[in-house]
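**Q** Handing you this structure, nothing more for now.
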Amino acid sequence: MGIDNVGTSDAELVRRVRSGDTGAYAALVARYRDRLGRYAVHMLGNREDAEEALQDAFVRGYRSLARCDDPERFGAWLYGILVNRCRTTGARAARRGRLFVRDEAALNGAPLPSSVEQTELDDVVRRALARLAPEYREAFLLKYVEDLEYEEMARLTGLGVSALKMRVKRAREQLQTILREVERV
Amino acid sequence: MFEGGRDVVDQIVARLRRPVRIDPSLDARVMERIAALATPRRASSLAAAWRWLTEPRHVALSPLGGLAVAAGLVALALLFPTLARRPSPTIRDLQFVLVAPQATTVSLIGDFNDWDAARTPMRLARGSGAEWTAVVPLSPGRYRYAFLVNGSLWLADPAAPAALDNDYGDGSSVVTVAGS
């Protein structure tokens, strides 16, 4: 799923945690913090909500570690938990009435934009994503940004491959429409 | 804003794929929450069993569940006396016999049936014409007894030792049932 391991394997760290070495879990958190964080930030459009969902996912992952059947694929397993946490957090945010919050900090650590136009482009991208229905945004991000295969996406989301393909197609079409509108303005 | 000749969606995908840096202090917050979790991850099964047995807990019971529990307790209460009455291996069946050619009814009376003539009627043995019998289960002990013939004639057992401590003033016999 595009997640590579360096140093001690996930399986070894999971084994240590299961043996009572809680500190080994810190290595897993550090390893997956940014990778999973990118999905959460783009999915929720808000850093505060994204970090909350990410924290919850890590804690739930720890509590459910006994149910991680394939420790070699800990990252993929944790991804599934995060996808669910983002759904819950996103639904809660929607109930609060938060539609989209501009999040400049989301690009911390990214190369600085070379011009004002680049900053505007980032803003356009975020607003376009925010206009997608959550289920379309989820499918689009998992497929194109996280680079997952449809079979993997089906495992994470509990949806069928056909439904996911349809959602990705619709998301792409809607984004093209939204971005063309922006260009015309 | 977008590069010409290149799909706009592909262009935004490229931007979305750039790394996003999450505040590293999140790690500490996660580990703090994990440390606060009460349940240790590797408790021994023995310790877990002991904790399960000794920890106080609240039991929620619906009205229907309460009725089911009550019905179970009643069933146990009814079953227990039945079980208690079942003969133990030390109880012995004793056959009492009286030869009385002129009798029309004979009852066995004694300590074991509170001298109640109605409780142990004797039966005329088939083919004998005069031999009345009754079988009584008795636990080890000493019992006094007699026969009541035709509802009024009190007779001690001519084949058994006489009881000297007869509360009723009439003759009675004694039988001793030995333990196993």
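The values are calculated or read from the model by the stated rules, or taken from the named source; none is laboratory data. Computed from a predicted structure; not experimentally measured. FYI the Cβ positions are ideal-geometry reconstructions off the backbone, even for glycines, and counts take in every protein chain you see.
**Q** As an exercise: evaluate A:Pro111 against (1) within 13 Å of chain B (Cβ to nearest Cβ); (2) at pLDDT below 75; (3) under 17 Å from the mean Cα position of the chain (by Cα) and give the number of the one condition it does not meet.
**A** With respect to (1) within 13 Å of chain B (Cβ to nearest Cβ); (2) at pLDDT below 75; (3) under 17 Å from the mean Cα position of the chain (by Cα), A:Pro111 is out only on (3).
**Q** Restricting the stretch B:117-136 to residues that are in a strand (DSSP E or B) and among the aliphatic types (A, V, I, L, M), which is surrounded by the fewest Cβ atoms within 10 Å (Cβ to Cβ)?
**A** Selected residue: B:Val135.
**Q** Looking at A:Ala24 and the list (1) surrounded by fewer than 21 Cβ atoms within 10 Å (Cβ to Cβ); (2) closer than 21 Å to A:Arg155 by Cα, which single condition is not satisfied?
**A** Status for A:Ala24: all satisfied but (2).
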